[in-house]
1. Between Ala89, Asn73, Thr108, whose Cα lies farthest towards the positive end of the dipole of the range 55-173 when Lys and Arg beta carbons carry +1 and Asp and Glu beta carbons carry -1, centred on the Cα centre?
2. Pairwise over distinct Cα atoms, reciprocal of the mean inverse distance: report the Kirkwood radius of the chain in Å, one decimal place.
3. Between Ser399 and Asn73, what length in nm is gained on full extension when 0.36 nm per residue of separation is reduced by their alpha carbon distance?
4. Please give, to one decimal in nm, the separation of the simple spin-label points placed at Lys364 and Asp335, each 7 Å out from Cα toward the Cβ.
5. If a/c stays under 1.5 just call it rounded; otherwise compare a/b with b/c (prolate if a/b is bigger, oblate if not). Do that for the range 102-259, with a ≥ b ≥ c from the square roots of the Cα gyration tensor eigenvalues.
6. Find, among the chymotrypsin sites (Phe, Trp or Tyr not before Pro) in the range 65-114, those assigned to loop by DSSP (not H, G, I, E, B) with at most 13 other beta-carbon atoms within 10 angstrom.
7. Enumerate by residue number the trypsin sites (Lys or Arg not before Pro) in the range 77-162 meeting two conditions: DSSP loop (anything except H, G, I, E, B), and at most 15 other Cβ atoms within 10 Å of the site's Cβ.
8. Quote the relative contact order of the range 308-385 in percent (integer), defining contacts as alpha-carbon pairs under 8 Å separated by 6+ residues.
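Quick note: the coordinates plus some simple rules give every number you see, no bench work behind them. Nothing here was measured: the structure is a model prediction, and the numbers come from that model. Here the Cβ is made from the backbone with ideal geometry for all residues, glycine too, and neighbour counts use every protein chain on show.
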Amino acid sequence: MANNEDEKKEQIGITVKKDEDFSEWYTQLLQKAELIEYTEVSGCYVLRPRLYSIWEIAQNYFDNLIKKDGVTNAYFPLFIPESYLQREASHIKGFSPEVAWVTHAGQTKMAEKLAIRPTSETIMYPSYKKWIRSYKDLPLRINQWCNVVRWEFKNPVPLLRSREFLWQEGHTVFATKEGAWEEVLQILDFYADLFENLYAIPVLKGIKSEKEKFAGADATTSVETFLPSGKAIQGATSHLLGQNFAKAFDITYTDKDEKKKHAWQNSWGFSTRSLGMLIMFHSDDKGLVLPPRLASNKVVVVPIFFEKNKDVVLKKAKELVRQLEEFNPIFDNRDEYTPGWKYNEWELKGIPLRIEFGPRDLEKKQVMIVRRDNGKKEAVPFKDIKKKIPLLLEDMQKSLFNKAKKFLKDSTAETTSWKEIEKAIKDKKLVKTIWCEEAECEDLMKDRTDGAKILNMPFKQPDLKGEKCPQCGKPAKKQIYFAKSY
């Protein structure tokens with residue numbers, strides 16, 4: 001019997017360590033924790049209910065933030081005529097390698113190819129042109145929740161780099177550049193709120209270099225972080241599109257002075273890539289670790305019983321489950337598995353708190369509560385359970401964020417020496433350094449570090465008077481975050 005139990009543990013448990021084989025650890029976790037299922041189409045995955053529920057919570061959180069700020073939701077078509085996609089030259093140039101095309105309807109070749117949206121600017125803005133006439137129609141602030149397809153990619157990683165993914169994309173229109181820029185920064189703050197207060201992931205806010213900005217935008221701002229894999233990742237972006245698309249799609253308005261003017265536009269988004277970030281950042285060798293605010297089931301109740309005391313233990317367990325309804329508890333009363341097996345399964349699947357109790361606990365009128373993040377076990381009287389659980393969940397949320405902040409700080413090397421920059425990149429560190437702001441130098445930095453790139457430039461910049469770019473020796477103009485990234 002013990003051998004069978006060991007075999008079962010081997011089947012469900014992760015067989016490699018996170019710090020020894022990160023890629024294999026991540027792959028096993030996604031499948032064994034029942035988060036994704038692979039399909040026959042490379043780069044396309046099933047988001048299983050356990051994972052999709054996390055996305056729903058994140059979706060609702062961000063949706064509430066933007067709705068309170070005056071944004072409304074709509075939905076625009078999946079298919080984009082080729083002529084629409086080509087209207088903004090730098091935009092189509094930036095996306096052309098990634099576009100998947102529909103060329104036939106049945107056996108009939110279509111008169112015009114249709115792009116499966118890689119992003120929605122070019123399908124939304126013809127409608128915006130019709131809807132905007134006067135300054136009184138502005139600002140126009142619309143968001144949509146949808147899927148997008150980007151076909152060409154290197155080194156596919158489930159959730160982080162996939163061909164189809166879910167996201168939100170906000171597309172807004174303003175009368176002035178100042179109004180548009182104010183929103184860009186506000187939305188970026190919303191993303192920082194989302195990641196830090198919900199995902200428990202610290203982020204670095206800043207502006208992208210010219211080479212790294214969104215195709216067709218005047219400026220791109222982003223939130224970035226650094227993962228235990230030794231690579232950085234972009235969490236979300238908020239773009240000042242300027243008037244480029246307004247001119248391409250003739251989005252104009254009559255101002256108070258009765259003059260016709262081109263509008264100013266923004267776009268912004270985050271995606272299911274954030275789920276990969278979440279999993280990579282917090283999870284451990286036992287499986288998934290979830291910040292409690294992202295867990296749809298915050299508690300699992302595991303009664304420990306034998307045949308002679310089964311009825312009395314299960315009766316109390318059912319009573320507990322009813323009392324803890326607000327935490328959406330899982331009631332694991334299966335008798336074909338041992339308690340140890342169940343503990344391993346729910347640790348693998350990331351339930352924040354485990355409540356276990358048996359006949360002895362029943363006599364003492366208590367339960368044992370075990371935290372998923374640190375494994376701490378605490379005896380809690382029956383009468384205090386409902387009061388104790390929220391405190392434990394909140395402490396777990398804060399602890400995960402503080403642990404993540406410490407990791408980010410410890411993983412950052414701040415230097416103005418090129419030799420130290422190269423060493424830090426080889427050591428899988430995030431580098432905070434300075435740069436001359438010249439594109440040619442940026443390319444050389446990337447070449448000399450085997451692909452590391454500028455993530456973003458902090459909004460608050462130090463006085464760099466007299467400082468030199470570590471790579472080329474020219475006067476330094478910007479402080480930057482620099483790392484290898486997904």
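1. Ala89
2. The answer is 25.1 Å.
3. Net length gain for the segment: 113.9 nm.
4. 2.6 nm
5. Because a/c hits 1.5 or more and a/b fails to exceed b/c, the range 102-259 counts as oblate.
6. In loop regions of the range 65-114 (DSSP not H, G, I, E or B), the sparsely surrounded chymotrypsin sites (Phe, Trp or Tyr not before Pro) are Tyr75.
7. Arg133, Lys154
8. Normalised by residue count, the contact order of the range 308-385 is 20 percent.
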